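Worksheet: the structure to be examined is printed underneath.
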Amino acid sequence: MAEPLILNGKALATEIEAELSVRVQKLVEKTGRTPVLATILVGDNPASVTYVTMKGKACRRVGLEPRRVEMPAETTTEELLAQIEALNEDPDVCGILLQHPVPRHIDEARCFNAIAPVKDVDGVNVASFGAVTMKQEGYRSATPGGIIRILKHYGVELAGKEVVVIGRSPILGKPVAMLLLNEDATVTIAHSRTENLPEIVRRADVVVAAVGKPRFVQADWVKEGAVLVDAGYNAGNVGDIDLENCISKCSAYTPVPGGVGPMTICTLMEQSVQAAEKMWGV
């Protein structure tokens, strides 16, 4: 079997960011304003702090202005909703990101849904999900959007193919399944209560692992020639697929790190630029 194709999300993201920089410069020249991406961080979860910092750096690379809104862990749902509403009303803010997860006492879904759809550049509210599912105008969840972009860029055929998505979270598993369905794939969504999971995965032409368990997908689950998309990121720089042992069986795979992760942030940047262009008529 030939060497598998590496679906290099980092390289693709670098290409897209270069294009976005040009578009942002055009926005600034035409309006005299710099688009703002506001990120709300509630509490001090170390992983969340890292992700927010990475997103701020990405903003600067493409010319967006990052606005970091830090709120204490004791913040109430009502206080967070008030902050979101203030950002909804701010004409300089073209995108709003509420860093997941928020502390458990906060109604995260209610806060996601409070983000104005025109500024929901992370694609987390129900209106965005519904619009994208029905092939209407709306912003995709960032990681699912990045996954589809990688697969299409590298010419992975989806129409008519059998895809198994492992994971059903509202910001990853469910939306990526809908996006794959919109590409005419035949999609199975598996999860923690799925019976005979290895047998189901063995049918798949494409496997999307988004379960949050290190090296969960084993080599003997994978069909020869399958495409492996690892959307997991766990301690030790390992994903949800045992890539070390699966690579010899697959035809293409996303590395961890350097695969899905960079494209998640890139999708967020791209949708923020799109939002600014729509809001400011450029």
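The values are calculated or read from the model by the stated rules, or taken from the named source; none is laboratory data. Small disclaimer: the values here were computed from a predicted structure and weren't measured. Cβ coordinates were reconstructed from backbone atoms using ideal geometry, including for glycine residues, and neighbour counts include every protein chain displayed.
Structural remarks
- Here VAL102, VAL62 are screened, and the one residue that is in contact (Cβ under 8 Å) with a residue 60 or more places away in the chain and touching a Gly at 6+ places or on another chain (Cβ under 8 Å) is VAL102.
- When region 36-71 is filtered for residues that are surrounded by 14 or more Cβ atoms within 10 Å (Cβ to Cβ) and either outside the structural domain of PRO103 (by TED's automatic domain parsing) or basic (Lys, Arg) (or both), the ones remaining, listed by number, are LYS55, ARG61, ARG67, ARG68.
- Number of the exception - LYS10 against (1) charged (D, E, K, R); (2) within 26 Å of ILE147 (Cα to Cα); (3) outside any loop (DSSP other than H, G, I, E, B); (4) out of contact with any Gly (no Cβ under 7 Å at 6 or more places or on another chain): (4)
- Residue in region 74-91 that is farther than 20 Å from THR267 by Cβ, in contact with a Leu (Cβ under 6 Å, 6 or more places away or on another chain) and in a helix (DSSP H, G or I) present: no
- Qualifying residue in region 178-186 (condition: at pLDDT below 95 and closer than 28 Å to VAL121 by Cβ): no
- Exactly one residue out of PRO117, PRO66, PRO144 is in contact with a Cys (Cβ under 6 Å, 6 or more places away or on another chain), on the phi < 0 side of the Ramachandran plot and modelled with pLDDT of 95 or more: that is PRO66.
- Subset of region 135-179 [part of a loop (DSSP other than H, G, I, E, B), surrounded by fewer than 24 Cβ atoms within 10 Å (Cβ to Cβ), of a type in the set (A, V, I, L, M) and in contact with a helix residue (DSSP H, G or I) (Cβ under 9 Å, 6 or more places away or on another chain)]: VAL156, LEU158, ILE171
- GLY95 under 19 Å from the mean Cα position of the chain (by Cα) and under 27 Å from ILE106 (Cα atoms): yes
- Pairs where the first residue, in region 192-217, is among the aromatic types (Phe, Trp, Tyr) and the second is surrounded by 22 or more Cβ atoms within 10 Å (Cβ to Cβ) and at pLDDT 95 or above, C-beta under 7 Å, 6+ apart: PHE216/ALA209; PHE216/ASP240
- Being outside any loop (DSSP other than H, G, I, E, B), crowded, with 22+ Cβ neighbours inside 10 Å and either in contact with a Gly (Cβ under 6 Å, 6 or more places away or on another chain) or touching a residue at least 12 places away in the same chain (Cβ under 8 Å) (or both) is a condition met by at least one residue of region 235-242.
- Annotation: LEU268 fulfils all but one of (1) hydrophobic (A, V, I, L, M, F, W, C); (2) part of a helix (DSSP H, G or I); (3) more than 22 Å from HIS153 (Cβ to Cβ); the unmet one is (3).
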